[in-house]
1. Return the residues of the range 45-62 that are surrounded by 20 or more Cβ atoms within 10 Å (Cβ to Cβ) and in contact with a Ser or Thr (Cβ under 9 Å, 6 or more places away or on another chain); say none if nothing qualifies.
2. Search the range 125-146 for residues being free of Cβ contacts under 8 Å to residues at least 60 places away in the same chain and under 20 Å from residue 217 (Cβ atoms), and hand back the single one that is surrounded by the most Cβ atoms within 10 Å (Cβ to Cβ).
3. With (1) of a type outside the set (Gly, Ala, Ser); (2) modelled with pLDDT of 95 or more; (3) part of a loop (DSSP other than H, G, I, E, B) as the list, and residue 192 as the residue in question, which single condition is left unmet?
4. So, of the residues in the range 267-295 that are surrounded by 16 or more Cβ atoms within 10 Å (Cβ to Cβ), over 20 Å from the mean Cα position of the chain (by Cα) and without any contact (Cβ under 8 Å) to a residue 60 or more places away in the chain, which turns out to be farthest from residue 231 (Cα to Cα)?
5. Against the definition (under 19 Å from residue 223 (Cα atoms) and either modelled with pLDDT under 95 or surrounded by fewer than 20 Cβ atoms within 10 Å (Cβ to Cβ) (or both)), how does residue 110 come out, yes or no?
6. When the residues of the range 64-117 are filtered to those that are of a type in the set (Gly, Ala, Ser) and in contact (Cβ under 8 Å) with a residue 24 or more places away in the chain, which remaining residue is farthest from residue 233 (Cα to Cα)?
7. Only residues in the range 246-261 that are assigned to a helix (DSSP H, G or I) count as the first member; pair them with residues that are among the β-branched types (Val, Ile, Thr), Cβ under 7 angstrom, at least 6 apart or cross-chain, and list the lot.
8. Could you tell me whether the range 216-232 includes any residue that is surrounded by fewer than 19 Cβ atoms within 10 Å (Cβ to Cβ), assigned to a helix (DSSP H, G or I) and charged (D, E, K, R)?
Amino acid sequence: MVPEADFCPPLPLSYRLSPDQHFDLDPTLSCGQVFRWHRANGIWRGTIENKPVAVRQAGPLLTYTGCSEASLVRYFALDIDLENVLLTTGDDPYLAAAIRRHRGLRIVRQDPWECLVSYLCAQNTSIPHIQRMLHNLCARTGDEIRGPAGTAHSFPDAGAVASLPLEEKKACAFGYRAGYIHRTAEAVTMDPCWDERIREMDYEDARREIMQFPGVGPKVADCILLFGFEMYESFPVDVWVRAIVQTCYGVGSPAKTLTPKEYETIRRFGRRHFGRYAGYAQEYLFADRDHLVRLKRED
């Protein structure tokens, strides 16, 4: 959904965070985990459960419209004890500093199918390009949905994406990703319980299973499991996470190319060092990437 910049709907519903319920809307939605939210006039607009939603934060008060309180709480994982989660990541000075600077960043609960397509799009490109690809796909194949937060397009189901001709997929600006998305949509259409099956697996088995989809490599698999399946032990590695782990922890190589072997070394280090919530540690370190890499280079 790309809202009009001057559209400012009333936000009649409110949710007040408790003193120990840390949450910061801006970094949560701008840290690169989701791609169909947009901020204008201090209000974030996106979709929750395929309904257009608008939400704003002023200190401990969230005002919103377009969804129920239960949906808001579930999507933004406000039912998770964030302080306890972060405590389980261990006594690490770099992570502790990142938490102090970005406290309140949460991993949202994404729909697995939308997350799968989003991260197929996210390979080797920028966030604006990812947003454009997903907007084009939803505009072509999603349903127009209206609500108190405005108008949006729903995220199309796998059948709708599979039935969109490959040439039209290419017109969505997918580039080489068009074939991956086309074949993955066909596979999901033939296996409608794929997400339930993966959710029942342990992390390593789920990772191997999800990498059977066309175009899903190690990083894409780890992102999907972290953001779409709440497998918080997942530790995705991109160039920034690699730089942080190499400069702060001495793990990995400073060479230019991230090889599959080095990826495996770094993601296993992350899981071992930070524990069952390594994915949360990764998000906080990533959010603090400029500071961490600059700090170590100045040492």
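The values are calculated or read from the model by the stated rules, or taken from the named source; none is laboratory data. Note that this is a predicted model, so its numbers are computed, not measured. Using ideal geometry, Cβ is built from the backbone for each residue, glycine included, and neighbour counts are taken over all protein chains shown.
1. Filtering the range 45-62 down to residues surrounded by 20 or more Cβ atoms within 10 Å (Cβ to Cβ) leaves 45-48, 52-55, 57, 62.
47, 48, 52, 53, 54, 55, 57, 62, listed by residue number.
2. 133
3. Unmet condition: (2).
4. Only one residue fits best here, namely 293.
5. Working: under 19 Å from residue 223 (Cα atoms): yes; either modelled with pLDDT under 95 or surrounded by fewer than 20 Cβ atoms within 10 Å (Cβ to Cβ) (or both): no.
In short, no.
6. Going residue by residue through the range 64-117, those that are of a type in the set (Gly, Ala, Ser) are 66, 68, 70-71, 77, 90, 96-98, 104.
Those still in the list that are in contact (Cβ under 8 Å) with a residue 24 or more places away in the chain too: 66, 77, 90, 97-98, 104.
Details: 66: 32, 77: 16, 90: 13, 97: 21, 98: 18, 104: 19 Å.
Only one residue tops the list, namely 66.
7. The qualifying pairs are 247/293.
8. The first filter runs over the range 216-232 and keeps only residues surrounded by fewer than 19 Cβ atoms within 10 Å (Cβ to Cβ), leaving 217-219, 230.
Those still in the list that are assigned to a helix (DSSP H, G or I) too: 218-219.
With the extra rule that they be charged (D, E, K, R), the set shrinks to 219.
Looking for residues that are surrounded by fewer than 19 Cβ atoms within 10 Å (Cβ to Cβ), assigned to a helix (DSSP H, G or I) and charged (D, E, K, R), one finds at least one in the range 216-232, hence yes.
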